[in-house]
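Reading through the structure tokens given below for one structure.
The values are calculated or read from the model by the stated rules, or taken from the named source; none is laboratory data. All values derive from a computational prediction rather than experimental measurement. Here Cβ is always computed from backbone atoms with ideal geometry, including for glycine, and neighbour counts include all displayed protein chains. The accessibility values were calculated without ligands, DNA or RNA, using every heavy atom of the protein model including side chains. Shrake-Rupley method; radii C 1.70, N 1.55, O 1.52, S 1.80 Å.
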Amino acid sequence: MGKNHVCPVEMAGSLDNRFRRWFQDPQKILRPYVNKGMTVLDIGCGSGFFSLDMAHMVGKSGRVIASDLQEGMLRKLQNKIMGTELEERIILHKCEYDKIGISEQVDFILAFYMVHEISHKGIFFKEIESILKANGSMLIVEPPMHVSKKAFNRALEKARAAGLIAIEGPKVLFSKTAILKKS
Ligand SMILES: C[S@@+](CC[C@H](N)C(=O)[O-])C[C@H]1O[C@@H](n2cnc3c(N)ncnc32)[C@H](O)[C@@H]1O
């Protein structure tokens with residue numbers, strides 16, 4: 001099976017554009033799920049549009065693992081946090097195409113506009129199941145254009161087959177969402 005298209009590093013500017021906050025405010029979207037002291041994973045973090053707010057939300061005692069396939073994306077995030085207090089809180093992690101490869105369990109996982117870029121979703125969700133703490137949760141947000149309702153539901157079926165419960169997610173403008181929990 002071939003690999004799906006991955007959002008190129010040259011597109012990072014459009015993920016970071018200043019208008020995005022108006023319709024996808026990270027704090028508003030993540031407030032029900034991210035609390036002080038948590039360890040959270042931003043998988044497919046790109047240039048860190050969500051990772052930065054997540055780091056503020058978990059506070060000094062929390063950690064954000066910002067993980068991406070592309071070194072170039074992680075470098076962009078590193079440039080943003082270099083010399084700031086967030087440098088201590090955000091752990092940059094380069095993952096492999098078919099392996100996230102983190103060794104600790106986390107309280108919350110965000111996958112924003114990334115699941116459709118994964119070819120082997122069954123493998124991905126099995127690893128997610130092993131990374132989530134027993135009472136942890138995951139928020140999946142997918143874009144409307146690239147991902148049909150059918151494709152979104154197919155992805156959720158893979159998550160269920162990996163032992164996760166999928167329920168309706170919060171409203172996010174222009175997007176399809178789901179919350180995953182351990183069964
Ligand atoms: C459209 S971008 C979204 C970035 C970020 N979540 C945001 O909303 O600003 C998708 C990101 O997922 C990453 N990605 C794609 N496939 C991945 C995989 N198998 N594992 C980890 N990251 C992946 C890409 O490198 C890219 O940075």
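Scanning region 1-38 for residues that are among the aliphatic types (A, V, I, L, M) and in a loop (DSSP other than H, G, I, E, B), which turns out farthest from the chain's Cα centre (by Cα)?
Only one residue fits best here, namely M1.
Just to be sure I understand the filter: pairs with C-beta atoms under 9 Å, separated by 6 or more residues or on different chains, first member in region 1-26 and among the aromatic types (F, W, Y), second member open to solvent by 80 Å² or more (accessible area, probe 1.4 Å) and modelled with pLDDT under 90. Which pairs pass?
F23/F174
Tell me, which residue of region 28-50 that is open to solvent by 20 Å² or more (accessible area, probe 1.4 Å) and within 9 Å of F108 (Cβ to Cβ) is nearest to the ligand (Cβ to nearest atom)?
Among those that are open to solvent by 20 Å² or more (accessible area, probe 1.4 Å) and within 9 Å of F108 (Cβ to Cβ), it is Y33.
Condition check: surrounded by 19 or more Cβ atoms within 10 Å (Cβ to Cβ), acidic (D, E) and more than 20 Å from D16 (Cβ to Cβ). Does D53 satisfy that?
Taking the combined requirement at face value, the residue does not satisfy it.
For residues that are touching a helix residue (DSSP H, G or I) at 6+ places or on another chain (Cβ under 9 Å) and part of a helix (DSSP H, G or I), tally how many sit in region 127-156.
6
Mind checking which residues of region 96-110 are within 13 Å of the ligand (Cβ to nearest atom) and free of Cβ contacts under 8 Å to residues at least 12 places away in the same chain?
G101
Would a scan of region 86-105 turn up a residue that is in contact with a strand residue (DSSP E or B) (Cβ under 8 Å, 6 or more places away or on another chain), closer than 18 Å to G163 by Cα and acidic (D, E)?
No, region 86-105 has no match at all.
On the basis of being open to solvent by 10 Å² or more (accessible area, probe 1.4 Å) and either away from the ligand (no atom under 12 Å from the Cβ) or in contact (Cβ under 8 Å) with a residue 60 or more places away in the chain (or both), does H93 make the cut?
no
Could we say that E85 is more than 15 Å from the ligand (Cβ to nearest atom) and surrounded by 14 or more Cβ atoms within 10 Å (Cβ to Cβ) here?
Spelling it out, it is not the case that E85 is more than 15 Å from the ligand (Cβ to nearest atom) and surrounded by 14 or more Cβ atoms within 10 Å (Cβ to Cβ).
All but one of (1) open to solvent by 30 Å² or more (accessible area, probe 1.4 Å); (2) more than 8 Å from the ligand (Cβ to nearest atom); (3) of a type in the set (A, V, I, L, M, F, W, C) hold for V9, so report the exception by its number.
The single condition V9 does not satisfy is (2).
With N79, N4, N35 as the choices, which residue is modelled with pLDDT of 95 or more, more than 17 Å from M138 (Cα to Cα) and polar (S, T, N, Q)?
None of the others qualify; the one that does is N79.
Tell me which residues, restricted to region 102-146, are of a type in the set (A, V, I, L, M, F, W, C) and open to solvent by 10 Å² or more (accessible area, probe 1.4 Å).
I102, F112, M114, I118, I123, F124, A134, M145
Does I123 count as among the β-branched types (V, I, T) and part of a strand (DSSP E or B)?
no
For region 111-136, enumerate the residues that are in contact with a Phe, Trp or Tyr (Cβ under 7 Å, 6 or more places away or on another chain) and within 15 Å of the ligand (Cβ to nearest atom).
Within region 111-136, F112, I118 qualify.
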